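Contents: one structure, followed by commentary.
The values are calculated or read from the model by the stated rules, or taken from the named source; none is laboratory data. Only a predicted model underlies this, so the values are computations on that prediction, with no experimental measurement involved. As a convention, Cβ positions derive from the backbone with ideal geometry for all residues, glycine included, and neighbour counts pool all protein chains shown.
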Amino acid sequence: VTLLPGRFFNSLNSCSGGGTEDPLFCLGSFSCAPDRLVMAPMTILLLGATGATGRLLLQQLLERGHHVRAVVRAAERLPEAVREHENLAVTEAAFLDLSDEQIAALTSGCDAVASCLGHNLSFSGIWGEPRRLCLDSARRVCEAVKAQGGGAAKKVKYVLMGTVGVFNEDEAEAPFSTAESWIMATLRLALPPHVDNEEAAEYFRSTIGQDDASVEWAVARPDDLKDVDEVTPYDVFQKQQYSPIFGEGTTSRINVAHFMAELITDGDKWNTWKGKMPTIYDRVEKAADA
């Protein structure tokens, strides 16, 4: 397992840079400052706020002036800088242990839900329960939102953090080679968290679909995750640009958090990517010709 690219543990918890198509969104030429956004403050339910990516998303949403409801198992693991933030409301619990009534209260009045949930990199985290953490959390949130009613004027956004290891059938994505097909089949048998990733994304693609009265969605799919301190130029595509097994793509966690925050708070970007499964790659600058 440790020999696999880190992209398969995303849920455990030259714009193209050599890719195969031009990006539909490039970051780098405009300011990332939160004050460039003019959207009124939103209320956002955040799942996985103490994870490596979730904590970065939490900070970015608060910096942009939004109200965040975070469900965490241990509040002391939240970033110290925001623990007492006036716009942060914390519920200390395992999300799937909450009652339907508690989830209904958490989703009531929310404009968006963001999920950076993942499985711990331990024996019990990978092979123990809950094996469908991402899927079951998404399903329960969406059922709560639907029960409260909705309509075209007020749909709740759900932004799910996935991985490029999840193929998008709408884009006819498929393994890049026979060897990759065999590896992917093995991963489905050996790594329950990978199946959880796949099934959560498929829930939105085929069950929620494109015309739900209450929920809109997007699945943000980073490649091999890495840690850097600041947002850097990155590119977003409609489909995979590299092999998820043998490819060279990377994505910093802070760039994933930035893109998810953009999806939630920027109406134009949401209209571009809602109902889709965009891939995010750190930009690789091509060397100048000699």
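List of remarks:
- Hits in segment 152-169 - residues which are among the aromatic types (F, W, Y) and at pLDDT below 85: F167
- Hits in segment 196-242 - residues which are closer than 12 Å to G162 by Cβ and among the basic types (K, R): R205, R221
- Options V231, V236; residue that is closer than 24 Å to L45 by Cβ, surrounded by fewer than 21 Cβ atoms within 10 Å (Cβ to Cβ) and not acidic (D, E): V231
- Among the residues of segment 44-86, those that are more than 24 Å from I280 (Cα to Cα), of a type outside the set (A, V, I, L, M) and in contact with a Lys or Arg (Cβ under 9 Å, 6 or more places away or on another chain) comprise E76, R77, P79.
- C110 farther than 20 Å from H194 by Cα and either surrounded by fewer than 18 Cβ atoms within 10 Å (Cβ to Cβ) or modelled with pLDDT of 70 or more (or both): yes
- Checked against (1) crowded, with 16+ Cβ neighbours inside 10 Å; (2) among the aliphatic types (A, V, I, L, M); (3) within 27 Å of K146 (Cβ to Cβ), A93 passes all but condition (1).
- For segment 238-256, the criterion of a residue being within 13 Å of V159 (Cα to Cα) and either assigned to a helix (DSSP H, G or I) or in contact with a Phe, Trp or Tyr (Cβ under 7 Å, 6 or more places away or on another chain) (or both) is satisfied by at least one position.
- Some residue of segment 47-70 being of a type outside the set (F, W, Y), loosely packed, with under 13 Cβ neighbours inside 10 Å, at pLDDT 50 or above and more than 28 Å from V166 (Cα to Cα): no
- Each residue in segment 114-151 was checked for being outside any loop (DSSP other than H, G, I, E, B) and modelled with pLDDT of 60 or more, and 17 of them qualify.
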